[in-house]
Structure formats: structure tokens, C-alpha cells
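Participant: Got a structure here, written out as C-alpha cells. Questions coming.
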Amino acid sequence: MSHVALIIPGFARIGGAERQVILLAKGLRRRGWRVSVVALSGTGGDAAAELIAAGIPFLSLGMRKGLADPRGWMRFHRWLRRESPDVVHAHLPHAVWLARWSRLAAPVRVLVDTLHTSSTGTLGRRLGYRLSGWCPDKVTAVSHAVAETNLSARMATEGKLVVLPNGVDVEAWRTDASIRTAMRRELGLEDEFLWFAAGRLDPVKDYPALLRAMVDVPEPARLVIAGGGPFENEMRRLSKEFGLEHRVRFLGFEPDVRRWMQAADGFVLSSRWEGLPMALLEAAACALPAVATDVPGTREAIVQGVTGYLAVAGSAIALQGAMTRMMQTPAEERKAMGERARQFVLERFGLEAVLDRWEDLYADLLKRNPRPARRGHAE
């Protein structure tokens, strides 16, 4: 039984990358792989409990000073030598750099890391990827947009890079009329059009543009936003300033967004950039038509006029227009749009097909690397 170790900075916030690691870990374990998850910091919280319940060991390195904490490096090196995972698969920059440079001290057979965002970040991040680019055997990107931006920034090379998208457990997100009825009754909704947005309250999600759009979105539209973050108080203040207190509800961090998607009539995403937005894929799996900003990554998750509508990023006017158009689309057509969205996600991003691709990639790399090595080979 081959052993794959998934490395992640932590589960203090659960975003698309974190949810994907959990899905990948549980899916591979179900298929007979030995799987471990290693976090750089934190206790893991509910995510760690979910992994352990699925038979997946969870280890936190307890790093308190980021990558500057030498104790974390030593714990990781000892763990690598003791457990000898066949595949080390890192997600997000800090975990990637830990895994890459640790290969010098604790050789592994296969090292893979995944790029999750179209943003190339600071000069320090770009240099970090460039200087350690020889370490991994393969680099994957969750979308073509992510691949293109990271290639342009020389954070990856064509010979090592492959696009392997996020996967969605489409069956787990199947629509449920009983949940919808119960939720809307609980919310006191009758004919109101309910928009749902999910994502960390962070500048990249551009919630101010969404709130400005809501000012002119026709009644009786309502908006529920699921997500916490450093800008939550500011967004609440802005909502009040715009006179939206009775139309916009902030949930904070919400571990179960599925029931809210069941209650909603449309999903909205106002991001300035994306890698491959998990929330948009999950909404589609719920057969929920969507309005999203026309940015790289999002374009790969929504088909204009078929599964939803795209709007110019950063423009509250464009977002309001697309949302109004969706609301004015006849109910039967919106339903058909949602069903097409679900089929699109099933065909392109279904979890089982994505797991097949991960297994094929791991198997190919293990075949090429029969013994642990201190550094990746040239592709």
C-alpha cells in the first residue's frame, strides 16, 4: 500500500484549497492508499477530527513563527524519516517551500506540489518558487488560468507543470427540495429572490462591489454572505451605510453552506481573481445558476449564458446588471440553467474522475522514481 502525505499550512481557515485537501485525502484513503495529512501549524479543529474519523492520521508541526521556526523543520524531517511516505504532496506556498527544501535533508521518492491561485503574490513568493523549482518532480495547477499566470511569472516550467483541476463530490451536493422548503420557511422567505455568496471576507473577493450592486438590484432580492475574515466589521458597516440591513445577512464562518445553497435562487461571486473557485463548483453541483466576475479561473467554471452570467470584474454596475438579468430570467429557464451547470461540473470536475487522474499521476511518478532522492529530476 503506497503512502501519500498531504502537506498544508493549516486549517485555521477553510477555503477552497483546504476543502480540496480533505476531499483528496478521504478519496485516496477510500481507494486503498495510506494517507497522512501534515499541517504546519494549528490543531486542525473540525477538519482534523473529520480526517481522523476517516482513518487518516493528522499531524501538526506546531510551527509558531512560520517557516522561521526550526523546531517545525526538525519535526517534519523526523516524521519523513520515520514514516517514509512514497509521495509528498504540498499545497499553498509555505507548505510547498517546507516540502521542497526538506527534500535536501530527508529524501523522498516523489514530491508534488499544487498551485491554487492566479495571483503570483509578492516578489518574495515568486523568488521562493523560482529558487526551489528544481525540487519537485511535478507541479500541478488547478486551472489553465493558474498555469498561465505562474508560467508567465516563471514560478513553474512547462516541462514540470500539468493542469489537474479541483474535484467536487457532485452526489454530496445534490439538490434537496425538502431542505429548500424548510430553510426558506425558517428564513421567512416566500417569493423573494435569494442570492447566496460564500468566501472569506477579504479584498480579493471584492464584497464592496457586491454590496454596491445590491443597492440597485430590484426588490425583493435578498443576499446571504457566508464567510468570516478581517473585513467582516467593515462589510457590516458598509451594508448599513448603503441601507441594506434588511436585505443583506452576514453569517460569519459557516461550516455547512450546502443548506444555504439549497435555499438560494442564485449564487454570486464578485472576486477580483480566482484559481478555480470551489464555491462556484459546489453551487453548480447544487444546480444553482450563478453570476460571477469574468476573471481567469472563473471562466473555466461557468459558461456564459449557459450555466450562468459573467460580469466585468470591479464593476458594481456590471454585477448589478448580470444579477438583475438572472432575476428576470423565467424560472423554468433558470432551473434549466442550474441543471446544465450541474452536468457541466459532473463532466469536468467530478471527484471520482479527478481522483483517477491523481492516482495515475502518482503511479507514473513512482514508476519513474523507484528510490528516494534528494532532489527532483529534470523533466
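Every number here is computed from the coordinates shown, using simple stated rules; none is lab data. Keep in mind the model is a prediction, meaning the values are calculated, not measured. Here the Cβ is made from the backbone with ideal geometry for all residues, glycine too, and neighbour counts use every protein chain on show.
Participant: For labels at Leu123 and Ala336 in the simple 7 Å Cα→Cβ model, what's the distance in nm?
Facilitator: Each label point is offset 7 Å from its Cα along the Cβ direction, giving 5.5 nm.
Participant: Find how much the distance from Ala49 to Glu347 grows on full extension, using 0.36 nm per residue of separation minus their present alpha carbon separation; answer in nm with one decimal.
Facilitator: 104.2 nm
Participant: For a Förster distance of 45 Å, can you work out the FRET efficiency between the beta-carbons of Asp69 and Asp356, rounded to the nearest 0.05?
Facilitator: Using R0 = 45 Å, I get an efficiency of 0.75.
Participant: Right, here's the next one. For every helix of n ≥ 4 consecutive DSSP H residues, a contribution of -39,500 (n - 2.57) applies; sum these over the chain, divide by its total residues, and give [θ] at 222 nm rounded to the nearest 500 deg cm²/dmol.
Facilitator: -13000 deg cm²/dmol
Participant: Using the Kirkwood formula over every pair of different C-alpha atoms, what hydrodynamic radius in Å results for segment 3-69?
Facilitator: 11.9
Participant: Taking the alpha-carbon set of the chain, what are its Rg and Dmax in Å?
Facilitator: 21.3, 64
Participant: Right, here's the next one. For segment 254-379, take every pair of Cα atoms, bin their distances at 5 Å starting from 0, and report each bin as a whole percent.
Facilitator: Taking every Cα pair in segment 254-379, the percentages come to 2, 10, 18, 18, 16, 10, 6, 6, 6, 4, 2, 1, 0.
Participant: So, one more: Straight-line reach from Lys367: which lysines have Cα under 20 Å away, leaving out those fewer than 8 places along the same chain?
Facilitator: Counting by Cα, and skipping residues close in sequence, Lys367 has these lysines nearby: Lys138, Lys160.
Participant: Something else: Identify the trypsin sites (Lys or Arg not before Pro) of segment 98-170 meeting these criteria: DSSP loop state and at most 15 other C-beta atoms within 10 Å of the C-beta.
Facilitator: Within segment 98-170, the qualifying trypsin sites (Lys or Arg not before Pro) (loop, at most 15 other Cβ atoms within 10 Å) are Arg154.
Participant: Sticking with this one: Would you mind giving the three semi-axes, in whole Å and largest first, of the ellipsoid equivalent to segment 170-349 according to its Cα gyration tensor?
Facilitator: So the three semi-axes of segment 170-349 are 22, 19, 16 Å.
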